[in-house]
1. Pull up segment 464-492, narrow it to residues that are assigned to a helix (DSSP H, G or I) and free of Cβ contacts under 8 Å to residues at least 60 places away in the same chain, then point me to the one that is surrounded by the fewest Cβ atoms within 10 Å (Cβ to Cβ).
2. Can you pull out the strands (runs of 3 or more DSSP E) entirely within segment 305-395 that have at least 1 residues that are open to solvent by less than 10 Å² (accessible area, probe 1.4 Å) and among the small types (G, A, S)?
3. Looking at V567, V579, V563, can you tell me which residue is surrounded by 14 or more Cβ atoms within 10 Å (Cβ to Cβ), β-branched (V, I, T) and touching a strand residue (DSSP E or B) at 6+ places or on another chain (Cβ under 6 Å)?
4. Scanning segment 396-433 for residues that are touching a helix residue (DSSP H, G or I) at 6+ places or on another chain (Cβ under 6 Å) and not aliphatic (A, V, I, L, M), which turns out most open to solvent (accessible area, probe 1.4 Å)?
5. I need the full set of residues from segment 223-236 which are of a type outside the set (K, R) and surrounded by fewer than 14 Cβ atoms within 10 Å (Cβ to Cβ), in order please.
6. Say whether the condition of being on the phi > 0 side of the Ramachandran plot, surrounded by fewer than 16 Cβ atoms within 10 Å (Cβ to Cβ) and touching a residue at least 12 places away in the same chain (Cβ under 8 Å) is met by at least one residue in segment 434-455.
7. Could you list all residues from segment 21-58 that are open to solvent by less than 50 Å² (accessible area, probe 1.4 Å), part of a loop (DSSP other than H, G, I, E, B) and in contact with a helix residue (DSSP H, G or I) (Cβ under 8 Å, 6 or more places away or on another chain)?
8. Within the set of pairs 6+ apart or on separate chains, which have a first residue in segment 173-188 that is within 22 Å of I62 (Cα to Cα) and touching a residue at least 60 places away in the same chain (Cβ under 8 Å), a second that is open to solvent by less than 20 Å² (accessible area, probe 1.4 Å) and in a loop (DSSP other than H, G, I, E, B), and C-beta atoms under 8 Å apart?
Amino acid sequence: MASPNFPLLPRHIQDHNAPNSTLQHHWAYAARVLPCTKDRGTCEYLDSVYAMHDTSMLYTFILWGVLLGIAVVIVWARGRRMDDASHAKGSATAMRRARNWGLKDAPAKWVFGRVSRLQVFTLTILLAYLFIFSLVGITYKTWLTPIKASSLHNTRTGLGGASDRLGALAFALTPFTVLLSMRESLLSLLTGIPYQHFNFLHRWTGRIIFVQALLHTVFWIVVEGRLYQPQPTVGVEWIRQPYMVAGCVAMFLLLVMVVTSTRTAIEWFGYEVFKVGHWGLAVLYLGACWGHWDRLWCWLVASLVLVVADQVVRWLRVLAIHYREDKGRKLGFHCAQARVTLLGTTDDLVVRLDFDYEHAAWMAGQHFQLTFPSLSLWQSHPFTPASSPEVGSRIQHHTYLLRVRKGITAKLAALGDGASVPVILCGGYGRAFPSYATQNILAVAGGTGVTFSLPVILAALEQQTAPRFALDLVWVVRKTRDLLWLAPELVALKRRLGEEASNLRVQIFVTREDSPEITTVSEKSSEAEGNGAAFSVHALLQPAHNFTLTYLDGRHPNVDVMVQDFVDRADCVGGTTKVLGSGPEGMGSDLRGAVAGRGDVVDLRMYWDSRG
């Protein structure tokens with residue numbers, strides 16, 4: 001782009017101080033000097049430059065129209081009920097087929113990872129728009145224009161206009177990328193989709209902006225460093241200008257953000273370093289973009305407002321929970337105090353956190369962002385409470401299961417069994433389940449994903465008003481000892497199966513044993529908070545009504561059979577049916593495929609609680 005801060009440089013193609021001339025203003029660009037007194041080629045080139053610029057501005061705003069249109073379609077689609085009698089049978093069937101097509105895993109997993117076709121389809125729409133309108137309206141012509149008092153000539157093409165188009169679209173895409181990354185998500189409020197499900201698009205729009213910025217940079221290097229003469233004088237003068245220095249800084253910051261957001265970099269430096277560094281680099285990048293081209297301030301101001309709003313709302317939510325009087329102490333900021341319990345072996349260790357804290361109840365299926373200030377203030381991780389919210393109670397009990405990896409979970413494990421650690425809560429986030437319209441629920445969990453599924457099933461059990469319904473909780477674990485993670489809760493659930501919950505089935509699959517390894521777990525028990533009762537895994541191995549424990553010895557349960565069995569069971573009792581799940585990505589892929597394969601026949605909905 002031509003410099004916005006130095007439009008009167010002698011080398012500029014136009015003389016803004018020319019006598020008997022007028023200035024024609026163009027939004028976000030240098031004013032046009034009229035009439036054009038240059039040679040014919042230069043005047044034609046200027047006509048094309050301003051035409052391309054005005055078209056570029058139009059396309060940036062149309063881009064936002066397309067994005068808002070996608071959001072409106074999502075809201076409309078989510079609002080339509082498949083079982084509404086006012087819908088024609090053919091229309092309902094067509095919508096189910098479209099929904100199930102989008103539910104399946106997208107191809108090219110090595111590129112996109114395990115995501116749905118719908119997510120990749122949305123990305124494809126965006127890519128198609130950007131590709132088409134990066135080319136449409138560009139002048140594909142070359143002019144050789146003379147240089148005063150020189151035998152050299154400048155080669156003028158549409159390359160500069162094409163480069164500016166890419167830069168303008170990248171600026172316009174920036175606030176959308178910020179929207180996709182917000183934890184306090186406006187998009188979630190608009191569409192009802194939890195913020196974590198936007199991570200896929202956030203990553204890819206960031207990569208798109210990087211490619212756009214890279215091409216913008218390369219194209220202008222070609223123009224200013226090769227096509228304009230004399231060289232190297234023109235190129236050196238161009239790169240030394242403050243707006244170009246800012247542009248180079250912005251490009252460098254963008255490169256660092258892209259590199260450090262890769263899976264390998266996050267594993268090297270840790271999630272906490274990535275999170276804080278990514279946020280700080282993003283703010284610096286917006287500042288550098290302002291220094292490069294402040295005439296497109298509207299997109300930068302919008303991005304900064306969203307960044308600030310996200311942080312302000314987040315801290316207000318933290319204060320709403322933690323700024324209070326606590327046990328006779330003065331009004332102030334008070335952390336919850338969690339008890340650490342270590343479960344498992346060194347290579348397969350899980351930390352269980354338990355604590356009580358006074359605050360409003362969340363909804364089953366929601367999660368909290370947890371910060372452990374004694375370990376690190378520069379981190380905040382999403383974890384779903386395995387405990388059920390106590391509606392109407394002032395004191396809420398929280399139970400979390402954290403599989404030990406690197407970073408903050410390793411620091412928690414290092415505190416030792418029985419240690420106490422302060423916790424800062426922010427939330428709840430995500431969708432609440434189940435809704436009162438959902439009568440039959442299959443909740444599938446893999447490993448620590450049970451923290452999402454168990455509270456949802458318990459809430460569904462409390463909400464049911466129909467005399468007959470189908471509730472299935474399926475939990476897939478590696479070892480028998482993994483049952484100790486939630487031993488008190490499972491024992492209590494087994495009691496309910498025999499007393500009142502005859503419509504509920506619990507199926508547990510152990511994938512890496514062919515029989516219970518009692519010797520490895522019999523001496524370890526978990527203590528239930530509040531009543532001091534100890535439960536060993538023996539209590540869970542005893543047979544009970546609607547409670548099964550199956551050993552698969554290196555195999556995984558057949559998700560397809562599991563879903564079909566539940567569909568048959570739900571069909572017998574009638575009502576609406578939903579499949580929910582959380583756990584490893586592979587399980588999510590299998591579950592989506594199984595649901596999509598039956599969704600054309602029955603109205604079967606699915607939600608996968610992704611943290612990716």
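The values are calculated or read from the model by the stated rules, or taken from the named source; none is laboratory data. None of the values given here were measured: they were computed from a predicted structure. Heads up, the Cβs are rebuilt from the backbone with ideal geometry, glycines too, and the neighbour counts pull from every protein chain shown. Surface areas here come from the heavy atoms of the whole protein model, side chains and all, with no ligands, DNA or RNA. Shrake-Rupley method; radii C 1.70, N 1.55, O 1.52, S 1.80 Å.
1. By that ranking, first place goes to A492.
2. On the way: elements: 336-345, 348-358, 367-371, 381-383.
Ranges flagged: 336-345.
3. Residue meeting the stated conditions: V579.
4. This residue is R403.
5. Start the filter on segment 223-236 by keeping residues that are of a type outside the set (K, R), which leaves 223-225, 227-236.
Passing the criteria: P230, Q231, P232, T233, V236.
6. no
7. H26, A28, Y29, C36
8. L179/S185
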